[in-house]
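Novice: Take this structure first; my questions come after.
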Amino acid sequence: MPRLRVTDRDGNTSEVPVQDGMIIGRGADAAVITLARTASRHHAQIRASGDGWAIEDLGGAGGTLVNGEPVQTATLSHGDRVQIPGLDIEFCGDTALAEGESLEDSTVTAADGSSALVRSSAKSGEHTKAELVKSLPDRDRADLALGTIEQVLSAIEVAHTPEDLLERLAQALLATHPACDRCHVLLCENDQLVPAASDSRVLTLLDERAFSTTAVRQSIEQKQALLCESTPSDVTLGAAASVTKQGIKSFVCAPMLRQGEPFGVIYLDSLRSEQGFTEDTPRVVDVVGSHAVKILDSMELLRTQAKLEADLKIVEQVQRRMLPRVWPDAPGFEFAASYEPCDQTGGDYYDFIRLDDGQ
């Protein structure tokens, strides 16, 4: 069975079997979904064409490229590369699902910060972070979840500093979940959880250490998003002392993973209503948390690059000061020199040395 291999530019790959009429775009009914804002809800379509397959651009603003060339309609051959905003897709025309594989949802992220939710192949019994999240059951709920993700990503993608990003993340999650009373973002530092950002609907509830420690600890240890829809009916998490003491009615907790290891955790709770969160809420929090970590990593890389460039500039100035500033006075001779290292710095120098005989 032909397949589409969907890859982000970080190397994360998911695959989906080709079906006649399958849609690629931002709509919840698409077989391959991208959250890139420059893509259309129905951006492109794969359809049967004679004995093969073709892709048709459906008028998406970002266009559809096949092997780097813009197309309206193009026949696909094995190995062809399709690009739409947020996605790089390879058409695999002669592969089939391996025995024991099934279709699950997966999340991939492109270099432009957009996300794609795709129905990917995963071996039965494997439980990666992406595969833990259940498929969105119907279009209305899918639209609502994807809309929430877009709102939160729009809020955090304009942040200029890590601190600003985490504050925006807490504020956006609180704003997009009406039942949520408090939102905390905690970071793992030296085996400790350090509050990084908090927001609350009521100022008196804004205690950065007011959360279910049991849920947070379990979420990190299991590397899984947790949902407690009703604490009174949950005999494990709902009975925790931190839950009963604070009067928490329902909560969601999702770890933020960096290279598979806990980087932090996002926690939302409601003190007013049971069943304040749906089964889709952990998925939303999980996806935006993954994006937040990627943006934080990009910020750290840019900060490191900026520091390196500043250090190299200082080294360049020091090296230039080591070059002679006074030209020798030698009758009958004129001197000229140019010093341009291939990078900002170099290991070569020049100087003028007067010999013992005065030459």
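Novice: Can you pull out the residues in region 59-69 that are out of contact with any Lys or Arg (no Cβ under 9 Å at 6 or more places or on another chain) and surrounded by fewer than 16 Cβ atoms within 10 Å (Cβ to Cβ)?
Specialist: Within region 59-69, Gly59, Ala61, Glu69 qualify.
Novice: Okay, next question. Name the single residue, out of those in region 309-334 being open to solvent by 100 Å² or more (accessible area, probe 1.4 Å) and among the acidic types (Asp, Glu), that is farthest from the chain's Cα centre (by Cα).
Specialist: Here the residue is Asp329.
Novice: Tell me, please, whether a residue that is among the hydrophobic types (A, V, I, L, M, F, W, C) and more than 42 Å from the chain's Cα centre (by Cα) can be found in region 284-301. Don't jump to the end; show me each part of the working.
Specialist: Filtering region 284-301 down to residues among the hydrophobic types (A, V, I, L, M, F, W, C) leaves 284-285, 287-288, 292-293, 295-296, 299, 301.
Now narrow it down to the ones that are more than 42 Å from the chain's Cα centre (by Cα): none.
No, region 284-301 contains no residue that is among the hydrophobic types (A, V, I, L, M, F, W, C) and more than 42 Å from the chain's Cα centre (by Cα).
Novice: Identify all residues within region 202-248 that are of a type outside the set (A, V, I, L, M, F, W, C), in a loop (DSSP other than H, G, I, E, B) and either modelled with pLDDT of 60 or more or open to solvent by 30 Å² or more (accessible area, probe 1.4 Å) (or both); write none if there are none.
Specialist: Within region 202-248, Asp207, Glu208, Arg209, Ser212, Lys223, Gln224, Glu229, Ser230, Asp234, Thr236, Gly247 meet the criteria.
The values are calculated or read from the model by the stated rules, or taken from the named source; none is laboratory data. None of the values given here were measured: they were computed from a predicted structure. With ideal geometry, Cβ positions are generated from the backbone for all residues, glycine too; neighbour counts draw on all protein chains shown. When the accessible area is computed, the model is the full protein with side chains, heavy atoms only, and any ligands, DNA or RNA have been set aside. Shrake-Rupley method; radii C 1.70, N 1.55, O 1.52, S 1.80 Å.
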